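Structure first, then comments.
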Amino acid sequence: MGREELNGFMQDADAALMLKFKEGDKPAFELLLDKYQNRIINFIYRFIGDKQEAADIAQEVFLRVYRFAQDYTPKAKFSTWIYKIAKNLALNELRRKKFHRLFSLEGVFSTEDGEISCQQIDNNQAGARAELEKQDLIRTVKKAIDCLPVNQKLAVILRRYDDLPYSEIAGIIGCSESAVKSLLNRAKETLKEKLKFYAQRK
Amino acid sequence: MNCREIKPFLTQFLDGELCQEKSLEIKAHLEKCRHCSDEAVLLKESWDLLRQDEQLAPLSGFKTDFWKRLAEEAPALEKKKVIVFPGLKPRLAVVFSLAAVTLICGAYVMSFLSDKGIRDLAMLINDKDISMLKNLDLAEDLAVIENIPVLEELKAMDSVEL
């Protein structure tokens, strides 16, 4: 029964593991958990920007994989399927945060001169100049990615950090390959403008 | 190729996704055009800068937390399985749909049969009785009524001593 279900995904070892798990092989699920744990956490972290929340959402991703094993049919690569679950849960979290931010003053506080600031910077913090510059660069890169529209951001993360092919990115986002290329082109243009200062210094 | 024509292909050129002919054309242009060359360098460098973004190290305790959470959720999931409607599987849904359709058809058939009974009863009333009833309706004086043969039978019945 397992082999027939694989159909076009006979080469996908992860789909085979998932089918084994569907038939009751729990160690197969452990192997998948080990393989995808870090990838999924990092993907979600880059998308939503919070480590703890990324870990919580990643837990939910694997819980869903576990719970819905009986209904699993390999219609796509396993990695496409699990990334899609992660994307949807991360998007839900972003929407929830956006809604919450509209009605909350969390993170906003006044400084001594009454200025409202969303982020407190400790100017007295000791540290090597190079380390500070590196942290500044990381912050700038994060901000640059964060300002991209959702689908461009997804395409950049999946291409740059997960090294996924265009076809798989298209499957995860739910668009064509040419749309993925277009998303990446536009994203790269935007990133070039935002990171020009650092790119020119290299 | 001029600068405007080159620009849309720069990212694909840098990714090595263009055919050889196109790549050579763009390369030749970049060697002559400082502006496009600078643009290409910026695109490449900014893309490379993304690698600076930190990669989270594997979280210790992730798997332990996962199995713990699964164990905590298991009783709640078992409870949910008892509630049939929300967890209805597709095959059961088909069975219930067919049962519903059968019931609706059955109700229609029963209704049709009861109407048929009425129609059959109507057919038992003979033409003579219908004609009598019509005459009673239309008659305006006793003389007309008295001409109806059935009333003579009724009069005969009245005169019989009980």
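No lab work stands behind these numbers, since they all come straight from the coordinates. This is a predicted model, so every value here is computed, not measured.
Quick notes on this structure:
- In order through the stretch A:43-51: 3J(HN,Hα) via Karplus (6.51 cos²θ - 1.76 cosθ + 1.60), integer Hz, x for Gly, Pro: 4, 5, 4, 5, 7, 10, x, 10, 5
- Other-chain or far-sequence residues with amide H under 5 Å of B:Leu18's (modelled H): none
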